[in-house]
1. Here's a check for you: in the stretch 267-293, which residue that is open to solvent by 40 Å² or more (accessible area, probe 1.4 Å) and either small (Gly, Ala, Ser) or touching a strand residue (DSSP E or B) at 6+ places or on another chain (Cβ under 7 Å) (or both) is modelled with the highest pLDDT?
2. State whether one or more residues within the stretch 210-233 are in a helix (DSSP H, G or I), in contact with a helix residue (DSSP H, G or I) (Cβ under 8 Å, 6 or more places away or on another chain) and buried (at least 21 other Cβ atoms within 10 Å of the Cβ).
3. Given (1) modelled with pLDDT of 90 or more; (2) of a type in the set (A, V, I, L, M); (3) open to solvent by less than 40 Å² (accessible area, probe 1.4 Å), where does residue 149 come up short, assuming only one miss?
4. Residues to consider are 132, 163; find the one that is of a type in the set (Val, Ile, Thr) and open to solvent by 30 Å² or more (accessible area, probe 1.4 Å).
5. State all residues of the stretch 122-142 that are modelled with pLDDT of 95 or more, touching an Asp or Glu at 6+ places or on another chain (Cβ under 8 Å) and over 21 Å from residue 226 (Cβ atoms); if no residue qualifies, say none.
6. Just wondering, is there one or more residues in the stretch 58-78 that are in a helix (DSSP H, G or I) and of a type in the set (Lys, Arg)?
7. Can you report the number of residues in the stretch 72-86 which are over 16 Å from the mean Cα position of the chain (by Cα) and of a type in the set (Phe, Trp, Tyr)?
Amino acid sequence: MGEIKVSPDYNWFRSTVPLKKIIVDDDDSKIWSLYDAGPRNIRCPLIFLPPVSGTADVFFQQILALSGWGYRVIALQYPVYWDHLEFCDGFRKLLDHLQLDKVHLFGASLGGFLAQKFAEYTHKSPRVHSLILCNSFSDTSIFNQTWSANSFWLMPSFMLKKIVLGNFSSGPVDPMMVDAIDFMVDRLESLGQSELASRLTLNCQNSYVEPHKIRDIPVTIMDVFDQSALSTEAKEEMYKLYPNARRAHLKTGGNFPYLCRSAEVNLYVQIHLLQFHGTKYAAIDPSMVSAEELEVQKGNLGLSQEEQ
């Protein structure tokens with residue numbers, strides 16, 4: 001049990017990439033936690049946004065691999081925000097603080113929804129250059145919890161955890177998926193009541209993405225073919241919303257493919273970011289491109305990507 005937590009990769013990550021804490025709001029209890037790895041001269045990095053149960057370190061395998069290939073990657077953990085507008089305003093202030101004009105966003109589940117809402121929020125003065133949406137959704141009503149969104153703040157931690165755990169796993173899982181679920185349960189245990197309640201509120205508060213505001217942003221939709229917390233209807237809705245999106249399908253991977261199918265996820269991330277190489281919005285150090293591109297091409301032979 002807990003294989004990931006004691007793995008050499010995770011321990012190497014924790015010992016080499018420092019966790020930074022940043023306050024950008026007037027309320028100094030709102031603390032952003034983040035890992036920032038890779039070349040600092042890159043001004044348009046890839047930023048990872050976690051799901052309800054996740055902390056910034058759930059993306060440690062992406063941080064290690066991608067920064068090793070010359071990408072600048074940042075993984076975030078949100079402060080306590082109770083509505084989407086407040087989150088978007090705080091995230092904009094964080095990007096200003098980090099002196100990042102535009103960024104690429106990888107969002108998992110709730111993280112993907114918030115990435116879309118932020119792109120929509122900043123559409124008049126764009127801050128999002130591209131989106132990778134992993135097991136994500138575009139309308140919170142799919143969870144049929146909009147009626148209870150306003151009461152999460154009243155619930156004790158154990159009830160909130162029970163709600164989240166109810167979505168973790170249904171159906172067959174392999175050992176790597178079991179490890180991923182164990183790790184996410186451990187991360188869930190590290191979240192306080194207000195952190196969990198606020199994320200569930202963001203996840204279920206009545207809201208949807210307005211596609212006309214973000215239709216010019218390059219999108220990759222990454223999802224799994226086995227069982228995840230996302231219904232088939234929610235996936236179909238995403239395809240309809242982004243008819244020109246690239247599609248990155250994983251045969252298996254459950255809710256947390258970035259943990260249990262990290263090689264495939266990392267490859268799809270590289271394929272998505274390739275289109276920006278040689279531009280000022282490249283997330284990779286130019287001197288690293290040729291070697292890295294060869295790696296992608298090699299890996300790409302073993303994986304097919306469907307584009308619509």
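1. Initially, the stretch 267-293 is screened for residues open to solvent by 40 Å² or more (accessible area, probe 1.4 Å), giving 274-275, 278-281, 286-288, 290-291, 293.
After this cut, where a residue has to be either small (Gly, Ala, Ser) or touching a strand residue (DSSP E or B) at 6+ places or on another chain (Cβ under 7 Å) (or both) as well, the list is 278, 281, 287, 290-291.
Values: 278: 87, 281: 95, 287: 84, 290: 68, 291: 60.
Ranking the candidates gives 281 first.
2. Step one: of the stretch 210-233, the residues in a helix (DSSP H, G or I) are 211-213, 232-233.
Checking the rest, the ones that are also in contact with a helix residue (DSSP H, G or I) (Cβ under 8 Å, 6 or more places away or on another chain) come to 211, 213, 233.
This time we only want the ones that are buried (at least 21 other Cβ atoms within 10 Å of the Cβ), so: none.
Looking through the stretch 210-233, none of the residues is in a helix (DSSP H, G or I), in contact with a helix residue (DSSP H, G or I) (Cβ under 8 Å, 6 or more places away or on another chain) and buried (at least 21 other Cβ atoms within 10 Å of the Cβ).
3. The one condition residue 149 does not meet is (1).
4. Numbers: 132 fails: open to solvent by 30 Å² or more (accessible area, probe 1.4 Å).
Answer to the check: 163.
5. Correct list: 127 only.
6. At the first step, the residues of the stretch 58-78 found to be in a helix (DSSP H, G or I) are 58-68.
This time we only want the ones that are of a type in the set (Lys, Arg), so: none.
No: zero hits.
7. Number of matching residues: 2.
Every residue, every condition in (1) open to solvent by less than 10 Å² (accessible area, probe 1.4 Å); (2) part of a loop (DSSP other than H, G, I, E, B); (3) farther than 30 Å from residue 143 by Cα, yes or no:
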{"site": "20", "(1), (2), (3)": "no, no, yes"}
{"site": "44", "(1), (2), (3)": "yes, yes, yes"}
{"site": "48", "(1), (2), (3)": "yes, no, no"}
{"site": "89", "(1), (2), (3)": "no, no, no"}
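The values are calculated or read from the model by the stated rules, or taken from the named source; none is laboratory data. The structure displayed is predicted, hence computed values, not measured ones. A quick note on method: Cβ atoms are made from the backbone with ideal geometry, for glycine too, and the neighbour counts reach across all protein chains shown. Areas reflect the complete protein model, heavy atoms only, side chains present, ligands, DNA and RNA absent. Shrake-Rupley method; radii C 1.70, N 1.55, O 1.52, S 1.80 Å.
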